[in-house]
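Shown next, in structure tokens, is the structure this report addresses.
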Amino acid sequence: MPEDLLAVHKLIIELATYEKAEQEVITTPEQMLRDGFGENPVFGFYVAQVEESKSIVGMALYYTRYSTWKGRCLYLEDLIVTENHRGKGIGKLLFDAIVRECLQQNMNMITWQVLHWNTPAIEFYKRLGAHLDSEWLNGKLLRPQLEQWSFGL
């Protein structure tokens, strides 16, 4: 829901701080409103709320990707549970929602990334029975690199 974006963005900042990369977050709630609820939404998300206070304590943000080998897939961009609510099953409930979304959209796979040093997250995914692939390296080009790109030969 659009009204959840401020709390979702706060969770994104919390995750970036945990990953020692807060300065890398350039998205804003306004940008997320446009990108997630505009004419052509590019992502969806689920939130977890504490029942008594209705405060958002977790979220799972996803989007569709396409695999040349597997077809339509769901990419889990981030699964975040605020620190003081971890270990209470909230992450599992959010992951359940992602699995349900994947099945409802008739997709063939869920993929995500986890930092090699994030032992609690790695253990969480292992408990779910996930395969964590150590063979693939992640590549990326950031906006400044894109702007300096040399086109052609």
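Within the stretch 1-30, if we keep just the residues that are aliphatic (A, V, I, L, M) and closer than 24 Å to Q105 by Cβ, the residue that is surrounded by the fewest Cβ atoms within 10 Å (Cβ to Cβ) turns out to be M1. With the requirement that a residue be surrounded by 15 or more Cβ atoms within 10 Å (Cβ to Cβ) and of a type in the set (F, W, Y), what does the stretch 108-136 give you? Within the stretch 108-136, W112, F124, Y125 qualify. When I12 is tested against (1) more than 16 Å from D78 (Cβ to Cβ); (2) outside any loop (DSSP other than H, G, I, E, B); (3) in contact with an Asp or Glu (Cβ under 9 Å, 6 or more places away or on another chain), exactly one condition is not met: (1).
In the stretch 80-109, which residue that is in contact (Cβ under 8 Å) with a residue 40 or more places away in the chain and in contact with a helix residue (DSSP H, G or I) (Cβ under 9 Å, 6 or more places away or on another chain) is farthest from S55 (Cα to Cα)? Write out each step before concluding.
Within the stretch 80-109, the subset in contact (Cβ under 8 Å) with a residue 40 or more places away in the chain is 80, 82-83, 90, 93-94, 97-98, 101, 105, 107-109.
With in contact with a helix residue (DSSP H, G or I) (Cβ under 9 Å, 6 or more places away or on another chain) added as a condition, the list becomes 80, 82-83, 107-109.
Numbers: I80: 14, T82: 11, E83: 14, M107: 31, N108: 33, M109: 31 Å.
By that ranking, first place goes to N108.
Considering every residue within the stretch 94-104, establish whether at least one is among the hydrophobic types (A, V, I, L, M, F, W, C), at pLDDT 95 or above and assigned to a strand (DSSP E or B). Looking through the stretch 94-104, none of the residues is among the hydrophobic types (A, V, I, L, M, F, W, C), at pLDDT 95 or above and assigned to a strand (DSSP E or B).
For the stretch 105-147, what are the residues that are among the acidic types (D, E), within 23 Å of T68 (Cβ to Cβ) and outside any loop (DSSP other than H, G, I, E, B)? Show your work before the answer.
Within the stretch 105-147, the subset among the acidic types (D, E) is 123, 133, 135, 147.
Next cut, within 23 Å of T68 (Cβ to Cβ) only: 133, 135.
Hits for the stretch 105-147: nothing passes.
Of the residues making up the stretch 31-64, just one is under 25 Å from A121 (Cα atoms), in contact (Cβ under 8 Å) with a residue 24 or more places away in the chain and loosely packed, with under 14 Cβ neighbours inside 10 Å, namely S55.
Residue count for the stretch 65-98 satisfying the condition of being exposed (fewer than 13 other Cβ atoms within 10 Å of the Cβ) and either touching a Lys or Arg at 6+ places or on another chain (Cβ under 8 Å) or farther than 23 Å from K10 by Cα (or both): 5.
Please enumerate the residues belonging to the stretch 36-81 that are in a strand (DSSP E or B) and of a type in the set (D, E, K, R).
Taking the stretch 36-81 and keeping what is in a strand (DSSP E or B), we get 44-49, 56-67, 71-81.
The answer is R65, R72, E77, D78.
Of the candidates F95, F45, the single residue that is under 29 Å from R143 (Cβ atoms) and among the aromatic types (F, W, Y) is F45.
The values are calculated or read from the model by the stated rules, or taken from the named source; none is laboratory data. Everything numeric here is computed off the predicted structure, so don't read it as measured data. When we count neighbours, we look across all protein chains shown, and the Cβ atoms used for this are built from the backbone with ideal geometry, even at glycine.
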